[in-house]
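Engineer: The structure that follows is given in the form of structure tokens.
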Amino acid sequence: MPLPGQGAVPTGALFNELTAATRRAFVPRLFVQIYFATPTLFMLLGGAQRAAGGLSQITVPIQGNSMVQGQFTGYGGGFNSPVITPGVQNAQFPLDYWVVPIPLPFGETVIQATDREISLLKARMNDAWAVTVQNMAGLLFSNNTANSLLPNSFIDGFDNGTNIATYGGINRNSVGNTSWQGQVYTASASSGLSGAVGFSRQTMSSAIITITDAAGGESPTYVIMNPGDFATLNNTFIGSETIFNRPGQEWTMGTPVRASFPNLNVAGVPIFADHFCPVGSAFWVNSKYTNMYGSEDAMFDFSGFYSLVPLGQIGQQGVVVLGYNVVTAKPSSNAIVNGISSPSTTF
């Protein structure tokens, strides 16, 4: 709707006349004003594993106890008979299904058949992807255990049994299952896991060393932080930046100089910010064991459009279907640090 009284545009009857007789300049692109990027989800999608049908489509055999025993022997070479010790059980996870219905009403079909500037159908199809991504990204960092229709997340996957005892059908707190516990820490200056105003380079290094040791010596693949907590850590890097000048280099307004960092690296572990990561929490992820699994039969698949005539309506509708889950096969190799103090950064 054109706006009257703006710039050289008049109001009242003159405006109505101009509106009826004047074609407007129109930008034939749809500019989306909502939604956030999610690097964590796209890393998981890029390395997603395939899963097919069946009950508990994702079944992970895990060993939680030693299955043989060793001993020292003497000159005669004698040893005790071996004892058969069960040590393997299955962790089982389902695929969870997300659907996005796509309407195509009769009126839109005939009106936009020609002379359209923006295809509403194309916009809806793009929005189905965007809505799905936003939903998936948020669920990665939330406790979804209260609803059996929702996928698993980093929260239950990395828990140590304090908040979420059962994961993949295995109770972490039962005798013999302590190896199925992840790492959960509360940040504090005394723990060496966080300073008084969030992580610094030194405390982040201490956290990585602590978590790596508790994981049996396996370093996490990456660390995810909220942008505010990331900015606090980033500030401790900015002060040590170095810009090198080449002999004879001329500096102008067009000379590119990069300041600050899109992601950080401590002890070889990349650290990045994700909008969906909650403030005050950070996640250490080992991608060798933590993966997304996608359904072979429903990985952003579209059903196609079907007529609504049998329902007494002229029109069509289709549905986008996604079956997936996020699972860790070794919770102890991952960690959550909660209680990171409020960011010191202000804007």
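Engineer: From the phi of every residue in segment 133-149, what ³J(HN,Hα) in whole Hz does the Karplus formula 6.51 cos²θ - 1.76 cosθ + 1.60 yield, where θ is phi - 60° and glycine or proline is x?
Structural biologist: 4, 4, 5, 4, 5, x, 5, 4, 10, 10, 7, 9, 5, 6, 10, 5, 7
Engineer: Could you tell me how many degrees, from 0 to 90 and to the nearest 10, lie between the Cα long axis of helix 201-214 and the main elongation axis, the longest principal axis, of the Cα atoms of the chain?
Structural biologist: The two axes meet at around 50 degrees.
Engineer: How big is the convex hull of the Cα atoms of segment 266-347, per residue, in Å³?
Structural biologist: 217 Å³
Engineer: Along each of its three principal axes, how wide is the spread of alpha-carbon positions in the chain, in whole angstrom units, largest first?
Structural biologist: Extents along the principal axes, in whole Å: 110, 72, 37.
Engineer: Right, something else. For each of Arg124, Arg116, Arg172, count neighbouring Cβ atoms within 10 Å of the residue's Cβ, then give the residues from fewest to most.
Structural biologist: With the sparsest Cβ surroundings first, the list reads Arg116, Arg124, Arg172.
Engineer: Please order Tyr222, Tyr306 by the number of other Cβ within 10 Å, starting at the fewest.
Structural biologist: Tyr306, Tyr222
Engineer: On to the next question. Measuring from the lowest to the highest alpha carbon on each principal axis, how far does segment 1-121 reach, largest first, in angstroms?
Structural biologist: 112, 35, 19
Engineer: Compute for segment 54-151: radius of gyration divided by Kirkwood radius, i.e. Rg/Rh, restricted to C-alpha atoms, rounded to two decimals.
Structural biologist: 1.42
Engineer: Also: Highest mean first, what order results for 230-238, 210-218 on Cβ atoms within 10 Å?
Structural biologist: 230-238, 210-218
Engineer: In degrees between 0 and 90, to the nearest 10, how far off the longest principal axis of the chain does helix 12-21 point, with axes built from Cα atoms?
Structural biologist: 80 degrees
Engineer: If packing is taken as the average number of other Cβ atoms within 10 Å across a peptide's residues, how do 4-10, 14-20 rank, most packed first?
Structural biologist: Output ranking for 4-10, 14-20: 14-20, 4-10.
Engineer: Okay, next question. In what order do Thr203, Thr252 fall by count of nearby beta-carbon atoms within 10 Å, going from fewest to most?
Structural biologist: Exposure proxy ranking, most exposed first: Thr252, Thr203.
Engineer: In addition: For segment 1-68, what are Rg and Dmax over the alpha carbons, in angstrom?
Structural biologist: Looking at segment 1-68, its Cα Rg and Dmax stand at 29.8, 93 Å.
Engineer: When the scattering of segment 260-312 is computed by the Debye formula from its Cα atoms alone, each counted once and equally, what is log10 I(q)/I(0) at q = 0.24, 0.25 Å⁻¹?
Structural biologist: Once normalised to I(0) and log-transformed, intensities are -1.10, -1.12.
Engineer: Tilt of helix 227-238 relative to the longest C-alpha principal axis of the chain, in degrees (0 to 90, nearest 10)?
Structural biologist: Approximately 70 degrees, to the nearest 10.
Rule-based calculations on the coordinates, nothing more; no lab input. Everything quoted here is computed from the prediction, not taken from an experiment. Please note: Cβ atoms are built from the backbone with ideal geometry, for glycine as well, and neighbour counts cover all protein chains shown.
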